[in-house]
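Since the structure comes first, as structure tokens, the remarks are kept for the end.
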Amino acid sequence: MEYVLIFITAIFVNNIVLSQFLGICPFLGVSKKVETAAGMGMAVAFVLVLSTLVTYLIQKLLLDPFDLGYLQTIAFILVIAALVQMVEIILKKVSPALYQALGVFLPLITTNCCILGVAILVIQKDFDLLTGVIYAFATALGFALALIIFAGLREQLALVNIPKGMRGMSIALVTAGLLAMAFMGFSGVDKGLQTALGM
């Protein structure tokens, strides 16, 4: 039941983009088409889960035993950069169309603070390996959900006659704000669920 709570909290209540404001760059940059947003969501999910797994093992097997905690950020960044490079090579071979669609935003996963943030949060929250991977996967689902919903809204906005001063990034930011407010409606769900489950 604890894992169900982690899932609901990470996806809806503490959404990494709309509540914690991590990963805003790809959220605004790759959200013009639902197809591209879904591809980016899958790529981020893959990198996020894999990087959390690898960074957790590096932290527990290398950094903590040898008292090298001060190297955490640089070690995690190097792991994430290597994994993104691997995803880029795989996408180029498996799905060239998606690789082209993601364009410059694929290397931006390297600097996506969402991935580094989750890797560090897993260590700070003192999760075990399984709980950390589940948290990372749920966070990735929350990121993908927010990205796809936002992309759908932006596709609809492209069909509407918007005043000149509000076109482009202006209406996108207003829409993102409204979406974040909508997700705020889920706050308290985790507390209610904890009470219902007797936790």
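What the table shows:
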quantity	calculated
Restricting the stretch 75-133 to residues that are part of a helix (DSSP H, G or I) and aromatic (Phe, Trp, Tyr), the residue that is modelled with the highest pLDDT	PHE76
The stretch 144-163 residues that are under 10 Å from THR175 (Cβ atoms) and open to solvent by 60 Å² or more (accessible area, probe 1.4 Å), paired with ones that are assigned to a helix (DSSP H, G or I) and at pLDDT 90 or above (beta carbon under 6 Å, 6 or more apart)	LEU153/THR175
Any hit, the stretch 119-142, residues being among the basic types (Lys, Arg), over 14 Å from THR9 (Cβ atoms) and either touching a helix residue (DSSP H, G or I) at 6+ places or on another chain (Cβ under 6 Å) or surrounded by fewer than 17 Cβ atoms within 10 Å (Cβ to Cβ) (or both)	no
LEU61 being among the aliphatic types (A, V, I, L, M), touching a residue at least 60 places away in the same chain (Cβ under 8 Å), surrounded by fewer than 16 Cβ atoms within 10 Å (Cβ to Cβ) and over 16 Å from ALA140 (Cβ atoms)	no
Failed criterion for GLY29 (all others in (1) over 12 Å from the mean Cα position of the chain (by Cα); (2) crowded, with 19+ Cβ neighbours inside 10 Å hold)	(2)
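Here's the yes/no breakdown for (1) over 21 Å from ARG154 (Cα atoms); (2) not in a helix (DSSP H, G or I); (3) not small (Gly, Ala, Ser):
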position: CYS25; (1), (2), (3): no, no, yes
position: SER31; (1), (2), (3): no, yes, no
position: ALA37; (1), (2), (3): no, no, no
position: LEU50; (1), (2), (3): yes, no, yes
position: VAL54; (1), (2), (3): yes, no, yes
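The values are calculated or read from the model by the stated rules, or taken from the named source; none is laboratory data. Being a predicted model, the structure only gives us computed values, none of them experimental. FYI the Cβ positions are ideal-geometry reconstructions off the backbone, even for glycines, and counts take in every protein chain you see. Remember, those area values only see protein heavy atoms, side chains included, never the ligands or the DNA or RNA. Shrake-Rupley method; radii C 1.70, N 1.55, O 1.52, S 1.80 Å.
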